[in-house]
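The values are calculated or read from the model by the stated rules, or taken from the named source; none is laboratory data. Just so we're clear, the structure is a prediction, and the values are computed from it rather than from any experiment. Glycine also receives a Cβ, built like all others from the backbone with ideal geometry; neighbour counts cover every protein chain displayed. All accessible areas refer to the heavy atoms of the entire protein, side chains included, with ligands and DNA or RNA removed. Shrake-Rupley method; radii C 1.70, N 1.55, O 1.52, S 1.80 Å.
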Amino acid sequence: MPMRDTKPEDTQIVSKKICITGIVQGIGFRPFIYQAAIKYEISGFVSNTLDGVTIAVQGKTQAVDTFVQYIIDHPPVHARIHDIKINTILPLKTNTFQIIDSQLSRNTSPAIPPDIATCQNCLIEMKDPSDRRFHYPFINCTHCGPRFTIVRDIPFDRHQTSMSQFSLCHVCQKEYINPFNRRFHAQAISCAACGPQVQLIARDQTVIRENPIQKAVALLHGGKILAIKGLGGFHLCVDATNDDAVCRLRKEKKRPDKPLAIMAANIDAIKGFAVVNSLEIEQLQSPQCPIVILEKKQHHRLSSHIASGETFGVMLPYTPLHHLLMTSFQGLIMTSGNTSDHPIVFDNDTAMKQLHFADYFLIHDRPIVNACDDSIVRIIDNQVHLNRRARGYVPEPIHLHVSLPKILAVGGHQKNTICLAHGKHAYVSQHLGDLSNVDTILRMKRAIHFWKRLTGIDPEHVACDMHPSYESTLIANELGLPVIPVGHHHAHVAACMAEQGLKGPLIGIVLDGTGYGSDQTVWGGEVLLCENHTAKRIAHLFQVPMPAGESSIKFPWKMALSWLRASFGDDGVQVFNQLNRGSIDNTSANVVNQIIQNKIHSPLTSSMGRLFDAISWMLGFTKPVTFEGQAAIVLETLASECTQVYDYTFCKSDLMIIDVRPMIRQIVSDILADLDISIISSKFHNTLVDIFYDLSYLLEKEWQINDIVLSGGVFQNKRLVSGMRNKFHKSNFRLSFPKSIPCNDGGISLGQAYLGGLIAGATAV
Ligand code: ZN
Ligand code: ZN
Ligand code: FE
């Protein structure tokens, strides 16, 4: 420390109260404060409150200042300080520094951290035969382990978590109360003598007496399906190199096509089957430990049934149990423990019933309080794109640039999340799933109660989608609060505005599957002019009928027929039959043709997702869709390197219409001329980039706006995102994609909360 003149205040004793909010509980913050206080010879106390920690300090002026600066500059690795407030208080009657019990008062926001992947120190201990936690599958410390998934109430103290049922043994107790131990006040502390235990159970409920983990490893090697209880729920697990096991799992889980996630032992193992760059490694090894979408290697030893496209979803082990299981595998399939569209199973009894097709169950007795799926990340152009926000990220808030009233947003229908916002914090829940079954709806209703308690936000307004019959809208209407309906695509743009502090005016380009439009047609290829809480639709994709409504989402050929009719008039059916090559029977095609012709249950749609489906069918994807975005992923995978584009026009009426019928006609010519389908796919992607580039210049002339937000599920397409970034690179437009929330419907709740809050009356700051 530099020498300085002694000033009178250097000997003056001051007493201060320091209130810190942020992620400051369950990550070793109080021991850190304790040690800093000892270092700077400060007396007083520190305690957890409902929204952070409060420190009362007494010491020399300079020492207290240095102490505060030290907290700001060197907080524990997983801490996030949102705010520090310092007030002078009356002198304290103490000469020591103490950690005291939690104080139950709240000012702003909760301080619970997300779950944190097992740290290096714990791994070293777990692998050390002389350590008392050798091979203990629940080892954790103040820097790692379960948090959000075990918390019942706040503050984050052991008795408020599902660890409350395990009494500490005297050795753990000594660690827990020793401020210089790295497990001091580690709320999930335990050991083999006092903590949770694993158990291996056969399908017929027989308890296996052998070492459960060793036996589980042997069973996986033998091709068995195991249901394994993890951190936020069950995984279904098989050896990723075993074709038969992978196929059997697909069949039993009723998941014929959707890619399965892989857990790999380490980065070297990943390099054996996927291409991985430094940012991807950083994400894989981050405390959040998400699934990272990686490009497949051409030659690898994993089963070819894991994922049909060009990518694998890969994660590293994030609990001690995973580390112990992974030791002798290149990769294990670790897919969510559920069947088809149901939410992830998180308790032992339900697992035995719902996952009855598993051969064995590796379970444990630490209850999971909050089910939480694995998060999914994809790196595009060295930028992190979050496709699913759940374990590792929640309950961290999104920081806003405006102060919102207390508001709940109930999200969309698919990939539902809810959001509670108040002041400058918005809490987006973990991914809850599609609200198409009772289980997910119940889970969503429970999430509303839990998140209200967790955040202390008792909402005065509720925002929902404009769709009158979405399950989430019905739930919003039941709450007895003023309801603020928000347009689906406006919410997509607003989520990005909320996250990045953009007020507009800006152009929002939303390319999406389907969403309810304010003119009662089905929107999904929309350009909106957005400013604060307002939006004006200024352009959209040419509209075509969506024959038999929702059913054409499952059968892309119906959308292909619709686009061909729109592009070729009455000759469309003939063109369809030429391209069909027998995959769809004539009767079905004729029925759908009649439906379109007679406008029977065929709402008009401007959906970009449905255009992808149609083109994908024309290029050979003739199966029914079994998961969202499947046809579009196939189309993206097909695309090769090529710079050509197709024709399109903009038709200006009161709105700008993006007419891609010239493109459809050229695609048909290319197909009939036997042009390589990879070139056609590439030309299609290039055309979309050019469309929105040209359109941006046209709109700039009219509106003088250079800020563009791009969102909607279609932007999970790497080729499209990269294409947009490259094309706009040297332009004077500023492109923004959502970063910390998904561009798909998982981000809708944030946009709803933001818009609802602004409409209900926010205070700009
Ligand atoms: Zn640890
Ligand atoms: Zn113990
Ligand atoms: Fe959407």
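The calculated Kirkwood hydrodynamic radius for the range 219-267 is 11.5 Å, given to one decimal from all distinct C-alpha pairs.
Annotation: amide H of residue 314 within the under-5 Å range of 262, 292, 293, 294, sequence separation 5 or more or interchain, hydrogens built in the peptide plane.
Once both labels are positioned 7 Å from their Cα atoms along Cα-to-Cβ, the gap between residue 381 and residue 301 label points is 3.8 nm. Taken over the C-alpha atoms, the range 540-736 has Rg and Dmax values of 16.7, 53 angstrom. Taking amide H as placed 1.01 Å from N in the peptide plane, the amide H of residue 401 sits under 5 Å from that of 501, each at least 5 places away or on another chain. Across the range 371-376, rounded Karplus estimates of 3J(HN,Hα) from the backbone phi angles (6.51 cos²θ - 1.76 cosθ + 1.60, θ = phi - 60°) give 5, 8, 6, 5, 7, 10 Hz, Gly and Pro being marked x.
Three principal axis extents describe the C-alpha atoms of the range 198-364; from largest down they are 44, 31, 28 Å.
Can you classify the range 11-99 as rounded, prolate or oblate using the Cα gyration tensor, where a ≥ b ≥ c are the square roots of its eigenvalues, rounded means a/c under 1.5, and otherwise it's prolate if a/b beats b/c and oblate if not? It comes out prolate by the Cα gyration axes. For the chain, a crude dipole built from +1 on the beta carbon of Lys and Arg and -1 on the beta carbon of Asp and Glu, taken about the Cα centre, is about 1360 debye to the nearest 20. With the whole protein complex present, residue 406 retains an accessible surface near 60 Å², based on a 1.4 Å probe. Shape class of the range 430-551 from the alpha-carbon gyration tensor: oblate, with a/c at 1.5 or above and b/c at least as large as a/b.
Computed extension gain for residue 644 through residue 123, at 0.36 nm per residue and net of the alpha carbon distance, reaches 182.3 nm. Put +1 on the Cβ of each Lys and Arg and -1 on the Cβ of each Asp and Glu in the range 11-99; which of 45, 94, 66 then has its Cα farthest toward the positive end of the dipole? Value: 94. Surface listing: 488, 82 arranged by accessible area from highest to lowest gives 82, 488, probe 1.4 Å.
With just the Cα atoms defining each centre, how far is the range 688-733 from the range 23-45? Give it in Å. Between the Cα centre of the range 688-733 and that of the range 23-45, the gap is 49 Å.
Counting only DSSP beta bridges with both residues in the chain, the antiparallel share comes to about 75 percent. Per-residue accessible area (protein heavy atoms, 1.4 Å probe) orders 647, 365, 359 as 647, 365, 359, starting from the largest. Between helix 556-568 and the chain there is an angle of about 50 degrees, using the helix long axis and the longest principal axis of the Cα atoms. Taking every alpha-carbon pair under 8 Å whose residues sit at least 6 apart, the chain reaches a relative contact order of 11 percent. Just to check, using Stokes-Einstein with a Kirkwood Rh over alpha carbon pairs, what's the diffusion coefficient of the range 87-223 at 4 °C and 1.567 mPa s in µm²/s? Using the Kirkwood radius from Cα pairs, D works out to 73 µm²/s.
Taking amide H positions as modeled 1.01 Å from N, with prolines and chain starts lacking one, no residue 5 or more places away or on another chain lies under 5 Å from residue 255. So if a site counts as exposed when it's one of the GluC sites (Glu not before Pro), its DSSP state isn't H, G, I, E or B, and it has at most 10 other Cβ atoms within 10 Å, what's the longest stretch of the chain without one? Answer from the scan: 211-640. Residue-wise HN-Hα couplings along the range 488-500, as the Karplus relation 6.51 cos²θ - 1.76 cosθ + 1.60 with θ = phi - 60° gives them from phi, are 4, 6, 4, 4, 4, 5, 4, 4, 5, 5, 4, 5, 10 Hz; Gly and Pro carry x. For the chain, the longest principal axis of the alpha carbon atoms and the long axis of helix 438-455 meet at an angle near 40°.
Each helix, a run of at least 4 DSSP H residues, gives -39500 (n - 2.57); summed and divided by the residues of the chain, these come to -9500 deg cm²/dmol at 222 nm.
Across the range 728-743, rounded Karplus estimates of 3J(HN,Hα) from the backbone phi angles (6.51 cos²θ - 1.76 cosθ + 1.60, θ = phi - 60°) give 8, 3, 9, 8, 9, 8, 9, 9, 10, 10, x, 10, 9, 10, x, 6 Hz, Gly and Pro being marked x.
Taken over the chain, the ratio of Cα radius of gyration to 2.2 N^0.38 Å equals 1.02. If each Cα of the range 252-317 is one equal point scatterer, what is log10 of I(q)/I(0) from the Debye formula at q = 0.16, 0.26 Å⁻¹? So the normalised log intensities work out to -0.50, -1.18.
One Cα centroid belongs to the range 487-540, the other to the range 120-181; the line between them spans 46 Å.
Mind checking the angle between helix 661-672 and the chain's longest principal axis? C-alpha axes, 0 to 90 degrees, to the nearest 10. For helix 661-672, the angle is close to 80 degrees. From the Cα gyration tensor of the range 705-765, with a ≥ b ≥ c the square roots of its eigenvalues, which class applies: rounded if a/c is under 1.5, or else prolate if a/b is larger than b/c, or else oblate? Since a/c reaches 1.5 but b/c is at least a/b, the shape of the range 705-765 is classed as oblate. Take the cross-link list 258/554; 415/503; 406/536 and give me the ones stretching past 18 Å between alpha-carbons. Exceeds cut-off: 415/503; 406/536. The ratio of the alpha-carbon radius of gyration of the range 144-221 to the globular-protein estimate 2.2 N^0.38 Å is 1.37.
Between residue 74 and residue 474, the FRET efficiency from the beta-carbon distance, with R0 = 51 Å, is close to 0.55. Just the protein heavy atoms count here, and of the accessible area of the chain at 1.4 Å, carbon and sulfur take up 50 percent.
In summary, the lysines within cross-link reach of residue 16, defined as a Cα separation below 27 angstrom excluding same-chain residues under 8 places away, comprise 7, 39, 60, 85, 93, 424. Residue separation of residue 597 and residue 218 scaled by 0.36 nm, minus their Cα-Cα distance, works out to 130.4 nm of gained length.
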